[in-house]
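See structure below.
Derivation of every value follows stated rules applied to the coordinates shown; laboratory data play no part. Quantities reported herein were computed from a predicted structural model and do not represent experimental measurements. Cβ: placed from backbone, ideal geometry, glycine included. Neighbour counts: every protein chain shown.
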Amino acid sequence: MSAQTLGVKSLGSRFKLSGGGSGILIALIVLIAALGLASPRFLSLGNLTDITRQAVFVAIIAFGATLVIAMRGIDLSVGSTLAFTGLIAADLMNRGFNPFASVAASLAAGTLIGIVNGVLVAKVKIADFIVTMAMMVMTRGLIMVYTEGIPLTGLSNPTFQMFGQGFVWLVPMPVLITIVTFLAIYFLLYQTRFGRYTLSIGSNPEAARLVGIRIDHIKITVYALTGFLAALSGVLLTSRLEAAMPEAGEGYELDVIAAVVMGGTSLAGGKASLLGTAAGAILMAVVRNGLNILNVNTFWHQVVIGAIILMAVCADKFGGRLKEA
Amino acid sequence: MSAQTLGVKSLGSRFKLSGGGSGILIALIVLIAALGLASPRFLSLGNLTDITRQAVFVAIIAFGATLVIAMRGIDLSVGSTLAFTGLIAADLMNRGFNPFASVAASLAAGTLIGIVNGVLVAKVKIADFIVTMAMMVMTRGLIMVYTEGIPLTGLSNPTFQMFGQGFVWLVPMPVLITIVTFLAIYFLLYQTRFGRYTLSIGSNPEAARLVGIRIDHIKITVYALTGFLAALSGVLLTSRLEAAMPEAGEGYELDVIAAVVMGGTSLAGGKASLLGTAAGAILMAVVRNGLNILNVNTFWHQVVIGAIILMAVCADKFGGRLKEA
Amino acid sequence: ADYGAAFPGILLDKVIPATGKEAKPQAKAHRPLKVGFLPTAMDTYYQRVLAGVKEEIDRLGGPSTIQLLVQAPKSQSATDDQVRTMEAWINEHVDAIAVALYNEGALEPLIRRATEAGIPVFLFNSPVADDPYYVSDIGYDQSDGGRAQAQWIVDHYKDKGEVKIAILEGLPGPHTAQRMKGFNEIISKYPNLKIVAKQPAGWVRAQGLSVTENMLTAHPDIDILVALYDEMALGGLQALKARKLNGKIAIVGYENMKEANDAIKVGDFAATVDTGAKEEGRNIVRAVEQFVMKGEGVPKKIFVAPKTYDASNIGTFDPSDYIYVAKSTK
Amino acid sequence: MAKPEQALKITGVGKRFGATNALFNVSMNLAKGEVLGLVGENGAGKSTLMKILAGAHVPDQGEVEVNGVHVDIREPADAQRAGISIIYQELSLFPDLNAVENIFIGREISIGTSPRLTSPLRKKAMRDSAQQILNKVLNVELDLDCPIGALTLAQRQIVEIARALNSNANILIMDEPTEALEKAERERLVRIINDLKRAGKSVIYVSHKLDEVLTICDRVIVLRDGACVADLPASALDVSKVIGLMIGGSLGKQFPAKTSPGVNPILRVEGLSRKGAFQDICFNLHEGEILGLAGLEGSGKSPLVRALFGDGTADAGNIFLKGKPVAIDSISSAMRSGIAFLPAERKTQGIFAEHSVGWNLTASSLPKLGGIRLNQGAERSWCIKYIKEMGIKSEGPHQPIGRLSGGNQQKVLLARWLLTEPEVILLEEPTRGIDIKAKADVYQLIVASSRMGKGVIVVSSDSTELIGLCHRILVMFEGEAAGILDASSASEETIASLSIQRTYEGTRGG
Ligand SMILES: Nc1ncnc2c1ncn2[C@@H]1O[C@H](COP(=O)(O)OP(=O)(O)OP(=O)(O)O)[C@@H](O)[C@H]1O
Ligand SMILES: Nc1ncnc2c1ncn2[C@@H]1O[C@H](COP(=O)(O)OP(=O)(O)OP(=O)(O)O)[C@@H](O)[C@H]1O
Ligand SMILES: [Mg+2]
Ligand SMILES: [Mg+2]
């Protein structure tokens, strides 16, 4: 009985997760079904594998962004961070460092960028939108300074290629890494103080201070985590493309936020739906894949994508209501 | 005496305007002085005219965005709207319509896009960030569908060219139009019910509802106004370039928000500093102008721009504090 | 083999040896052949390439012979859009893929994967093609474009005393780098030709305008405005017009866009470089024909020479080169 | 006689905020097992002092000792460590979190010995003890799964109390904990305080309900303008003495004399119903009449008044203004028909905090300030007029209203609606959280406007207020009008029994 109510409870406390997330899940399933009917190839194992592999780069970052947004923050710098950290990994590899060292350095760099964001937001108290936007511009600039716009290529080290291209049985390595990341963040968000405090800050910052939550500490950590994840995504992308592109990750900031919000996490903060975020990221990949598979007139792509984002959010409102009722 | 205190009062009620705006003004003056020292040519009338002409496109839109943000909203669709409406004007001109008719149609189209944004936000109650982001993507898509990526050119009609290239005495027409727009919005924002209601919604939506403000109505109007201004900017740009470019206005959404927030209008809503916004827009143009004049190495441009945005916002915090003390 | 017949105007000195990792030629019997066409974006330039592709397909019998799949990313640099499209096409087992690389080393794993799947990959308009898998790299040498611009300047200004040059670059990247490389190679030989300003204008007209204005403020006395793309040059022209300097300051553009071409006729532009966009498109299809229909090998690089147009020879340019001319009307 | 053990000792605490000297050399002590009352006007410094003890404010000077050892309280965590826990006047809860999460926020139970940010939470344990506190101690039934943003103010107040109790602190601070509570709940709180006392814990009790303070507390400290003006055993005090100490003078009688209302109804409500909110409500409101609206939380009084204001419309029934039927389907239509509404939650539903008093005053009557261009001169002169008439303490029309005390904020909001020259004024908890003097002022203003022939409806959870202020009192129960009492014959008991009667029957029947 009490175990049962516990079940109910956790459902409740994750209401937004299931509720807010449910709409997008429905939308996703409908879309997949529709595409499956439209083109037999769509549901082929190969294609589904590709879709997941295409989704991971946005997904991983979006997991971090879910925390940021649940905290009533925003992070526009993720795309540049992805490119910057990918570059670092590639550069170190090319200088003959061992792959793991290079990756570690790259992840550290991402975390550092996140910390800078966090400090400027939490300590200097500049609006997160501006801080991360400036960081986005500056980081992209530093990339240009360093690469002069020319990618770093020739990353032929098989160990390094594993990260982005390897398989474990049938599961692509990047997908595996993404799943592990998801579970880790899921645990952090719903099972630990850290997650509680993150949501509390998003729900009522002043109260969070009054109950003794160290807001700055949490904020900086959340941005750092997001920077770390952007770097992880950067490493995977670099390993996947065997090159670090100076322009990598351009426009990711918006894709990421779209995935999070489509997933049912509100920009007003206080609630988060990590499952929804994952669904949101996959949905974006599915749509684009579908457009290619159906060879939709290339000029119509943006129109369709925009429309689907809107529909997904509506579906989510609707799905949410369903639950609430 | 009472007149004096009245002055004090209006100062008080426009606190953010002066306080929040003061920092950016300081930053702007410092920057201009510095550039003046670095290059004598910088302060030439010609160059200052160029700068203002370069600033207007972002400035005009930023005036609208100031209202949106003061209302606690956000509009990412302005860049696409600018391109779309510029296209409409150009297309109609090429079809031989009279310039004023073409411009009117283009402004109407911008307003319509704004209304759609507003309705989706206010009535359907979808997050403004998502609505306007989807609108941004879709509108850009429609542009591609229509132009297939090729600009519309050959706008040789002198009347139409007036808008973007004409002069009234020494004042460039677009600058004149921008000044008029500024005064109009300034009046709307600080002297009319509409402005009060807009700020009230940003300050405390629930209280706004309970004093009988028709929130949907105001929101839709504000987005419509912003769409209108984006179109106005689009017309000016098209007339200036004698061509409508499919990629016009890309990235404007961020420039605009940066200008507004640098100007001292908080994303938390409730307060607005239109003067600050104008300063913010000019600052962006000054920076880019300075980079070119000093022939700064290409690769460093973005780094500098990002850094200056951050500094300007800090300056504003600082300036703001100065006032409060 | 005499490639000249199959590919008129090909620069054989640009051809490099094959690596052996490429897909092998094969004469495919089934029709229509599915060919993917994947530029880095859809704009004036690629539309012109596409026109060439379509006309050449018409020559081979139209859609019943080659079914053309066209997909373009939302922006120049959206490499991961290209990744998606490539993967979709590979899963679809198209017969050939023609892709434009935005950057050096882009898509290498995808090109490899396609090649391993037996799908030949042709590159076009790719500033730097250095992966070992592509069958053929079609287009022109970007640094030749820069050389052509420089050469025109040299021919007209080498003994005009000190000449001040301002340059509108594109976004930092290989296109800018390659074109500047070629340009500098030649200009640097002439000490009287001075580059006084070099600023980025993001490939677009609006920035071409404002950056030119700003450069003119710093250097009112420039003699030549060089732009690495006509869009930026046309923006620059607006700036000159506003100062009544059009025709006085020589604009040297790049790409021979229609407007640039007209501008030369009225003397607003001094010169522009045509990089053979439409011919590039034709060569793509010719290469596909050779490799996938006839089963014959093709050169690893199918490059043509950029052609400089100015007042002296602008009349010789055939305007139909801008558009797709359906077969029937030919 | 053995001196009782010191739980808390404050010496020479001072605090200023810019110009205002909030606290000035305040010293006090608190014995273990003692309940100390803290009273004073709005703005006297009570909350500031308490916030200092809770670590929300850092004092400019002064010492704090807990159990005889000096403690340096710089942030809330320090206070928690020192065993001090507080119920904030402005609740500090998290609307998106549920009751359990709110009760345990900052004190989560987790697996493992040292509580780390990342150690897994023991949710069941927390849920069980939350259940324990709510059901056994406070004996309330709450939906533990619903985000508390969806709960009523009273329920939220309970959660805040539960959180404080759950902290097992030795020193419990309650800053106006009963403002939002029903009589029954208030009585329960009194019992809880006595239990705490018996358990040797100390309580500081801040309230404007002086009788309550005198019954609960052993000792009472009076603050005036940030200084401690009296520290006396409760037994030595009565309400009027306390008032005297608070305001440094005597207060005329709290409730102004009633004038008999006119005969013709200004507002008539016939069979007004909305499913799940209120059913078949009928009453007349006469010119110059003040009608009280009593009933427990959830009895439908709030939805009813809001329906009269067009905030959520009724599905059945008719509303007549001055005999003419009116369709009230939106707030603006209600305002057009001359109805005004003052919501209970001042902070979240009333004020535009960062904007000036003048701005807030005219928020609902801007059309009066001219067709297109707002006449800000007129705004200012009206504002000055009301500030004078209503005795609003402020630096003037330009001062941000957020800086005013609640009492003064309330007066401005009242003025906001009087400025619309309404026929009918609906007031929800008009004196919540404001001091006894401000209350008297507000009562004056209400009666004054009724004298001008307006009809007034007062929703309040404070029966004394209703009896003292109103002519008649409509008591609601489970959405129905349980009865209309004549104030002259009504008593707290009759109101209470009417508002819970059927629960008696229900319990008898069941
Ligand atoms: N956040 C603040 N900023 C500046 N001054 C403040 C602040 N809070 C309180 N004050 C000052 O401290 C004084 C005491 O305020 P406080 O809130 O303690 O009054 P109070 O006794 O709690 O009133 P009430 O009985 O209504 O709760 C006020 O007069 C005010 O001048
Ligand atoms: N942010 C602030 N800045 C300056 N003074 C303030 C501020 N907040 C409150 N005050 C002062 O504190 C005094 C009382 O403030 P407080 O917040 O305690 O109101 P209040 O009387 O407690 O209202 P309520 O009891 O309804 O909460 C007022 O006189 C006001 O001037
Ligand atoms: Mg208080
Ligand atoms: Mg108070």
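Of note:
- With N the number of residues in the stretch C:122-177, Rg(Cα) / (2.2 N^0.38 Å) evaluates to 1.52.
- Cβ crowding within 10 Å ranks D:D175, B:D75 as D:D175, B:D75, fewest other Cβ atoms first.
- For chymotrypsin sites (Phe, Trp or Tyr not before Pro), the sites in the stretch B:155-234 that DSSP calls loop and that have at most 11 other Cβ atoms within 10 Å are B:W169.
- For the stretch B:219-294, the Kirkwood estimate of hydrodynamic radius, built from reciprocal distances between every pair of different alpha carbons, is 14.0 Å.
- Rg and Dmax over the alpha-carbon atoms of the stretch A:15-320 stand at 18.9, 58 Å.
- Stokes-Einstein D (µm²/s) once Rh is taken as the Kirkwood radius of the stretch D:170-258 over alpha-carbon pairs, at 4 °C in 1.567 mPa s: 91
- Averaging over all projection directions, the Cα-based convex hull of chain C occupies 16.6 nm² in the image plane.
- Measure of compaction for the stretch D:6-249 (Cα Rg per 2.2 N^0.38 Å): 1.01
- Between amide H atoms placed 1.01 Å from N, distances below 5 Å from D:I109 occur with D:R122, all of them 5 or more places distant or on a separate chain.
- Other copies of A:A34: label-to-label distances in nm, shortest first, labels 7 Å along the beta-carbon direction: 5.2
- Count of Lys pairs (Cα-Cα under 18 Å; at least 8 positions apart or interchain) in chain A: 10
- Spatial extent of the stretch B:78-227: Rg and Dmax, with the Cα atoms as the point set, Å: 18.0, 54
- Proxy reagent accessibility, fewest Cβ within 10 Å first, across A:Y146, D:Y443, B:Y252: A:Y146, D:Y443, B:Y252
- Least to most buried among A:F299, B:F97 (fewest other Cβ within 10 Å first): B:F97, A:F299
- For the stretch D:401-510, dividing the convex hull volume of the Cα atoms by the residue count gives 126 Å³ per residue.
- Other copies of B:R95: label-to-label distances in nm, shortest first, labels 7 Å along the beta-carbon direction: 6.0
- Formal net charge of residues neighbouring C:A100 (Cβ-Cβ distance under 12 Å; K, R +1; D, E -1): -3
- At 1.002 mPa s and 20 °C, Stokes diffusion of chain D via Kirkwood alpha-carbon radius, µm² per second: 88
- Pairs of Lys in the stretch C:204-301 closer than 20 Å at Cα, counting only those 8 or more apart or on different chains: 7
- Close amide H pairs (under 5 Å, H built 1.01 Å from N) link A:L152 with A:A244, residues at least 5 positions away or on another chain.
- D_trans [Stokes-Einstein, Kirkwood Rh over alpha-carbon pairs] for the stretch D:246-322, 25 °C, 0.890 mPa s, µm² s⁻¹: 169
- Expressed in Å, the radius of gyration and Dmax of the Cα atoms of the protein assembly as shown are 36.3, 121.
- Radius of gyration (Cα atoms) of the stretch D:1-95, expressed as a multiple of 2.2 N^0.38 Å: 1.10.
- Rg over Rh for the stretch A:102-154 works out to 1.07, using Cα positions for both radii and the Kirkwood form for Rh.
- The simple Förster model, with R0 at 22 Å and r as the Cβ-Cβ distance, assigns D:K385 and B:Q191 a FRET efficiency of 0.50.
- Using θ = phi - 60° in the Karplus curve 6.51 cos²θ - 1.76 cosθ + 1.60, the 3J(HN,Hα) couplings for the stretch D:334-351 round to 4, 5, 4, 7, x, 10, 10, 9, 10, x, 6, 8, 3, 5, 8, 10, x, 8 Hz; x is entered for Gly and Pro.
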